[in-house]
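Below is one structure, written out as C-alpha cells, with a few remarks after it.
The values are calculated or read from the model by the stated rules, or taken from the named source; none is laboratory data. What you are looking at is a predicted structure, and each value in this text was computed from that prediction instead of being measured. Cβ coordinates were reconstructed from backbone atoms using ideal geometry, including for glycine residues, and neighbour counts include every protein chain displayed. When the accessible area is computed, the model is the full protein with side chains, heavy atoms only, and any ligands, DNA or RNA have been set aside. Shrake-Rupley method; radii C 1.70, N 1.55, O 1.52, S 1.80 Å.
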Amino acid sequence: MRAPRPRSLAGQLFAMQVVLVAAVVAGCAVFSYLTAHRQAEESARRQATAVARAVAYAPSVRTAVLGPDPSAALQPYAEQVRRDSAVAFVTIMDPQGIRWTHPDPGRIGEEFLGHTAPALAGVTFTETYTGTLGPSVRVVTPIKDGRTIIGLVSAGITVERIDAQVRRRLAALIAVALAALALGGAGTYVINARLRRHTHGMNAAELSRMHDYHQATLHAVREGLLMLDGRRRIALVNDGARELLGLPPDAVGRGVAELDLPAPLTGALLAAEPRVDELHLTADRIVVVNTRPVSSGEQRGTVVTLRDHTELQALSGELDSERGFTQALRSQAHEAANRLHTVVSLIELGRVDEAVEFATAELELAQALTDQVVDAVAEPVLAALLLGKAAQANERGVELVLAEDSRIDDGLLPDTLPARDLVTVLGNLIDNAVDAAQGGERARVTVTASTAAGELLLRVADTGAGIDPADADEVFRRGWSTKSAGRGLGLALVQQTVRRDGGTVALAEGPDGGAEFTVRLPLRTEGPA
C-alpha cells in the first residue's frame, strides 16, 4: 500500500495559522470576559457606594432615624431610592444591625445578614455576601450625627444581575470574536493559496531536499550559471561563472554594469532578447554565452549560461594551422610532380645538362629558406610554424621573409610559455599580415623572432595598406576586421594570450608602409601572477 504523501508546506502553514488564529481569538475572548466581569463588579461597587453614601448623608434620613418610628418614615424613601438607582436593595438599620427597611417588608425588624464592624468604626466598606436576596456586592456605610454613629446604610447589587450584564456583553464579544476568526481564516487562506502556488504544493521535506539538490548541482556543474533579476543585478552565480568571468566574492546583488566586464559581454548580459552561442572575450578567456529572459510575476530576469571556449578555440587554431600545412604540402607535392615531369622530359629529350641545372636551382631555392629558418630559429615549434606559413604564403602569392637579426636558440623558451600560445600569437599575426599583403605588387611579410634582455620579441610587418591610426585601439576588439563579417577574432586572441602570459602587443606603421605588430613576452621561470 502506498504511503500517503505528507501535507504540503502551504497546507501545514494554513492549519497552523488557523489554530493560532483560533487560539488568539479564544484567548482574547476569555480575557475580555474576565475583564468585563471585573469591570461589571467594579461598576456595581461604585454604584452601590454612591447610593449608600447619598442615603447616609441625607438630612431627612438622620431626622427619621432620630424620630419615634424610623421604619415608617424610611421604608418608602429607601424603596424609592432603590427603584430610581437600579440597585437590588437599600437597607437602613440601627447600630445593632436591626433592619428599618428592606425590599421585602416582612424582613423589617430582622437582623442584617453581613458584616457591620468596619462601618461601626466609621469606615465605608464593600463586600460580596450572600444575604436574603442571594449573593450580592454590597456597601455598608455609617449614618452619623456629629461624631455619633446613629445607624447604618447598606446598598447592593446581586451577583445574578451583574452576570446578566456580563452575558449581554459576552454575546456581542462572541459575535466580534467569530467575525475576527472568519476574517483571519479568510486572510490566512488567501495567503496560503498564494504560498501554495509559489511552492507548487511541495511540503517542507521536499523543499529542503530540492534546496540541497540545487546547491549540489550549482557547485558541481563546470559550466557557468548566472541569474539576473529584473533590475539586471546578480541574483545567483555558481563557481564556474565566478571563474570564467573573474567575479569578485561580493558579486551577488551587484549590477552587471558594475562588474567591469568587457563592453560587448556586458551588452549581451543586459540585452532583453535571447542570445545563442555568442563568443565573447574576457581578460583571459573565450566564453560562449547563452541568455534567455524569464518572467516571475511582474519582474523579468535573465538566465545566463557560460561555457569555456578557450581550449577549443586554441585547438581550432592549431587544427587550422595543420590544415594549412596539409594544403601547402599537397600543393608542393603537386608542384614537385610538375617539376619532376619537367626534369624527366628534359632527360628524354637528351638535354641532360639543362635538366640537372633546373633541378639544382629548384632544390637550392627551397633549401635556402629551410636553412635560414632552422639556423636562426632553433625552437622546433616556431621553426615548423614559420616553414608552414611560408609555404601557405607562397601559395597565395606572398613572400614570407625572416629578418636577418632573428635568433632564438633551442631551450631558451621556458615551460611557462606554452607552445600553443606561441602558435596562437605568431600564427594569427602572420595570417593577418598575409591577408593584408595579398594582391600587392610586391607582397611581402617580414617576421622577426629573437630573444634579448629576458624577453621574447616577435615582430610581423606587411606591405599592405596599413591600419588607420584612429583604429589602433579597436583592432584588438573582437569583431573588428577590414574583411568580411564574422571575422575579427584573431587579433583579439593575440591580445588575450599575450596578456595572459604577462606580455605586451603594440601596433605601428611598418617600414614598407603596412602594419607592424610587435609582441614582447617575458622569459620568466615562474607562471604569471
Failed item in (1) touching a residue at least 60 places away in the same chain (Cβ under 8 Å); (2) out of contact with any Pro (no Cβ under 9 Å at 6 or more places or on another chain); (3) more than 24 Å from ALA182 (Cα to Cα); (4) not β-branched (Val, Ile, Thr), with SER43 passing the rest: (1)
Failed criterion for LEU120 (all others in (1) surrounded by 13 or more Cβ atoms within 10 Å (Cβ to Cβ); (2) touching a residue at least 24 places away in the same chain (Cβ under 8 Å); (3) within 30 Å of GLY184 (Cα to Cα) hold): (3)
Region 102-127, residues that are assigned to a loop (DSSP other than H, G, I, E, B), closer than 20 Å to ARG46 by Cβ and hydrophobic (A, V, I, L, M, F, W, C): VAL123
Cβ pairs under 6 Å, 6+ apart, first in region 95-115 and open to solvent by less than 60 Å² (accessible area, probe 1.4 Å), second among the basic types (Lys, Arg): ILE108/ARG99; PHE112/ARG99
Condition met for GLY67 (farther than 23 Å from GLU160 by Cα and surrounded by 14 or more Cβ atoms within 10 Å (Cβ to Cβ)): no
Failed criterion for LEU178 (all others in (1) open to solvent by 40 Å² or more (accessible area, probe 1.4 Å); (2) under 24 Å from ALA36 (Cα atoms); (3) not in a helix (DSSP H, G or I) hold): (3)
Qualifying residue in region 32-47 (condition: among the acidic types (Asp, Glu), assigned to a helix (DSSP H, G or I) and modelled with pLDDT of 85 or more): no
Some residue of region 16-30 being hydrophobic (A, V, I, L, M, F, W, C) and farther than 30 Å from LEU173 by Cα: no
Enumeration of residues in region 405-435 that are open to solvent by 50 Å² or more (accessible area, probe 1.4 Å), of a type in the set (Asp, Glu) and closer than 23 Å to GLY466 by Cα: ASP431
Residue match in region 365-382 (condition: in contact with a Gly (Cβ under 9 Å, 6 or more places away or on another chain), surrounded by 15 or more Cβ atoms within 10 Å (Cβ to Cβ) and either modelled with pLDDT of 80 or more or basic (Lys, Arg) (or both)): no
Residues being touching a helix residue (DSSP H, G or I) at 6+ places or on another chain (Cβ under 9 Å) and part of a loop (DSSP other than H, G, I, E, B) - total across region 419-464: 4
Residue count for region 231-261, restricted to those that are closer than 16 Å to ILE286 by Cβ and either in contact (Cβ under 8 Å) with a residue 60 or more places away in the chain or among the charged types (D, E, K, R) (or both): 5
Residues of region 228-246 classified as in a loop (DSSP other than H, G, I, E, B), open to solvent by 20 Å² or more (accessible area, probe 1.4 Å) and either at pLDDT 80 or above or of a type outside the set (Gly, Ala, Ser) (or both), total: 3
Of residues in region 128-168 being assigned to a helix (DSSP H, G or I) and open to solvent by 10 Å² or more (accessible area, probe 1.4 Å), the one nearest to MET93 (Cα to Cα): VAL159
